[in-house]
Amino acid sequence: MVIAICIAAVVFGVFVVRKLRLGKYSDVSGISSLLTFLVAVAAAGVAYNQLNESRVAAAKSIYREYLSTALSHPKFSAASYPFNDPKFNSFKAGADLELYENYVAYLIFSAEEVLEVDDLRAQRGWCETIRDQFKYHALYLSSPMANAMQYSEVVDKLIREGINMYLLEKEVDASNGSPAARIMLEQLRSDCQP
């Protein structure tokens, strides 16, 4: 966008200089006002671009901090797994459960920050990554403790999809996993829209 504005300003400048040489413009102050306007528009475009870039950087930084927290607390990072003995079931009321609740809250906050930025929401991969993170916490997110489904529409949708993926994976993992569950799981995996 900024490049297009700059190119338009240069083209306009060349056009004005040609008209001045041909004597078609006598009012230089009018031309300078137009050029000032174009410079202001270009500056606004640059400012918008910088603001957008800073939002992208901030959202990525917040998500990076979440990942760092996941590395620091591996017992929280996939609490709904393994299916036969989920780590979530070992969290007792008190310190572990409270830390875990804050961990998931930070995941949700990170997801909202990433998905609020249009550039990131449109990039392939973020939807799947965030949905998969929610899948790792499906047991908690589907419990009454979580107070889920009170966030942005996009995040609520990805939480629901993460929970559904977890349930389908669990069904497929069972010794007699249904073919219908496999198909539904593959469909969910391939169709992630924020």
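Figures for the structure shown
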quantity	calculated
Residue-normalised accessible area of the range 96-194, expressed per residue, 1.4 Å probe, Å²	52 Å²
Projected label distance in nm at A122 and N89, using a 7 Å step from Cα toward the beta-carbon	4.6 nm
Filtered trypsin sites (Lys or Arg not before Pro), the range 117-151: DSSP coil and at most 14 other beta carbons within 10 Å	R124
The range 67-194: C-alpha pair distances exceeding 17 Å, %	58 percent
Nearest-10 value in Å² for the accessible area of T69, using the 1.4 Å probe	50 Å²
Note, ³J(HN,Hα) from phi for the range 53-64, Karplus 6.51, -1.76, 1.60, rounded to Hz, x at Gly and Pro	4, 5, 5, 4, 4, 5, 5, 5, 5, 5, 5, 4
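The values are calculated or read from the model by the stated rules, or taken from the named source; none is laboratory data. Bear in mind that the values here come from a model prediction, so they are computed numbers and not experimental data. Because the Cβ atoms are built from the backbone with ideal geometry, glycine has one as well, and the counts that use them run over all protein chains shown. These area figures cover heavy atoms from the full protein model, side chains too; ligands, DNA and RNA do not enter into them. Shrake-Rupley method; radii C 1.70, N 1.55, O 1.52, S 1.80 Å.
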